[in-house]
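Enquirer: The structure follows.
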Amino acid sequence: MRHALVRGVSPAMGRCELTHRERQPIDIERAEAEHRQYVTALTDLGCRVYELPADPNLPDSVFVEDTAVIVGDAVVITRPGAASRRPEVEPIRAYLSSHLEILRMEYPASLDGGDVLRVGRTLYVGASGRTDAAGIAQLRALVAPRGYDVVPVAVTGCLHLKSAVTEVADGVLLANRMHIDVRAFGQGKWIDVDLREPDAANGLRVGDAVLFPAAYPRTAERLRRLGILVRTVDVSELAKAEGAVTCCSLIWDTVEP
Ligand code: CIR
């Protein structure tokens, strides 16, 4: 069984953190409609979706990915790099504690889940503006006993590692290689985003399919030509808050008896 945790769009999303984008007005009703379609897409792709209520005091709380890193039947609750986002973790921890074993990152570490790309039993972790050396070291210590390696990756010019690279099929990485040190990855199969779509590297793999922003049709076509099933969603309003498709859910699998 595949599960997904999401959280409603905060009415305060207009006050979100922004790093590489200019602030633009955000139409909350449109963002909510996009989020509903995102949830529908996850459901269609086989997820059982749980939705935590929106929080009017936490502008970025729809971006649940940053609060947690799931490793098998455990979850590392992060300490997000932006101070405004740290209160987001508690409701996520409380919800996940009845589904997964809880592991916790502590002060002084900083790490956003958007910086963690799992490929098999390797966690590639972006050293970004949100994730520091202490965060990477704590994550390594927490996941090593579970058989996961941690490999740091230098990230420049974008918010998170997964703004620049995501896995779209087993061992196949979709990337804008301008933003990352590709040497960290060793041998791998790469698909480059279309140059006219520099922000198109963030796809959300759900089983054999990839949930992908409708705004990047040329890169979507590259994926389809490789036989990858692509389901597009409009996330243009959420993108004004510097979000994309991976950031709006936490996904995990359980084996039913
Ligand atoms: C932030 O800057 O933290 C939010 N406005 C956007 C977070 C997007 N998260 C993600 O891609 N994992």
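Every read-out reported here was derived from the displayed coordinates using simple, explicitly stated rules and does not represent laboratory data. Treat the numbers as computed from the prediction; the structure is a model and nothing was measured. No Cβ is skipped: glycine too gets one built from the backbone with ideal geometry, and neighbour counts run over all protein chains shown.
Enquirer: Show the residue pairs that are 6+ apart or on different chains and have beta-carbon atoms under 8 Å apart, the first residue being within the range 8-20 and among the β-branched types (Val, Ile, Thr), the second being within 10 Å of the ligand (Cβ to nearest atom).
Expert: Short answer, once both residue conditions are applied: Val9/Val62; Val9/Leu238; Thr19/Gly129; Thr19/Leu159; Thr19/Glu242.
Enquirer: Additional query: Does Val168 satisfy the criteria of being in a strand (DSSP E or B), buried (at least 18 other Cβ atoms within 10 Å of the Cβ) and in contact (Cβ under 8 Å) with a residue 60 or more places away in the chain?
Expert: Considered against the rule, which asks whether it is in a strand (DSSP E or B), buried (at least 18 other Cβ atoms within 10 Å of the Cβ) and in contact (Cβ under 8 Å) with a residue 60 or more places away in the chain, Val168 comes out as yes.
Enquirer: Next question, about the same structure. Out of Arg121, Arg196, Arg140, report the one residue that is under 24 Å from Pro217 (Cβ atoms), free of Cβ contacts under 8 Å to residues at least 60 places away in the same chain and of a type in the set (D, E, K, R).
Expert: The conditions single out Arg196.
Enquirer: Here is a follow-up. Could you tell me which of the residues Ala220, Ala244, Ala214 is within 14 Å of the ligand (Cβ to nearest atom), surrounded by 13 or more Cβ atoms within 10 Å (Cβ to Cβ) and either small (Gly, Ala, Ser) or more than 20 Å from Val62 (Cβ to Cβ) (or both)?
Expert: Ala244 is the lone residue from the list that is within 14 Å of the ligand (Cβ to nearest atom), surrounded by 13 or more Cβ atoms within 10 Å (Cβ to Cβ) and either small (Gly, Ala, Ser) or more than 20 Å from Val62 (Cβ to Cβ) (or both).
Enquirer: How many residues does the range 22-49 hold that are outside any helix (DSSP H, G or I) and either within 16 Å of the ligand (Cβ to nearest atom) or in contact with a helix residue (DSSP H, G or I) (Cβ under 7 Å, 6 or more places away or on another chain) (or both)? It would help to see each step written out before you state the result.
Expert: Going residue by residue through the range 22-49, those that are outside any helix (DSSP H, G or I) are 22-27, 45-49.
Checking the rest, the ones that are also either within 16 Å of the ligand (Cβ to nearest atom) or in contact with a helix residue (DSSP H, G or I) (Cβ under 7 Å, 6 or more places away or on another chain) (or both) come to 22-27, 49.
Count: 7.
Enquirer: Answer yes if at least one residue in the range 74-95 is hydroxyl-bearing (Ser, Thr, Tyr) and in contact with a strand residue (DSSP E or B) (Cβ under 7 Å, 6 or more places away or on another chain), and no otherwise.
Expert: Yes, the conditions are met somewhere in the range 74-95.
Enquirer: If a residue has to be buried (at least 22 other Cβ atoms within 10 Å of the Cβ) and away from the ligand (no atom under 13 Å from the Cβ) to count, how many in the range 106-124 make the cut?
Expert: Looking only at that region, the number is 2.
Enquirer: Kindly provide the set of residues from the range 60-80 that are touching a Gly at 6+ places or on another chain (Cβ under 7 Å) and either outside any loop (DSSP other than H, G, I, E, B) or near the ligand (Cβ under 8 Å from one of its atoms) (or both), ordered by number.
Expert: Listed by number, the residues that qualify are Phe63, Glu65, Asp66, Thr67, Ala68, Val69.
Enquirer: Does the range 227-241 hold any residues that are within 16 Å of the ligand (Cβ to nearest atom), touching a strand residue (DSSP E or B) at 6+ places or on another chain (Cβ under 9 Å) and not aliphatic (A, V, I, L, M), and which are they?
Expert: Selection gives Ser236 alone.
Enquirer: Something else about it: For the condition touching a residue at least 40 places away in the same chain (Cβ under 8 Å) and surrounded by 22 or more Cβ atoms within 10 Å (Cβ to Cβ), what is the one hit in Arg85, Arg146?
Expert: Checking each option against the conditions leaves just Arg85.
Enquirer: How many residues does the range 186-220 hold that are aromatic (Phe, Trp, Tyr) and not in a loop (DSSP other than H, G, I, E, B)?
Expert: Final tally of qualifying residues: 2.
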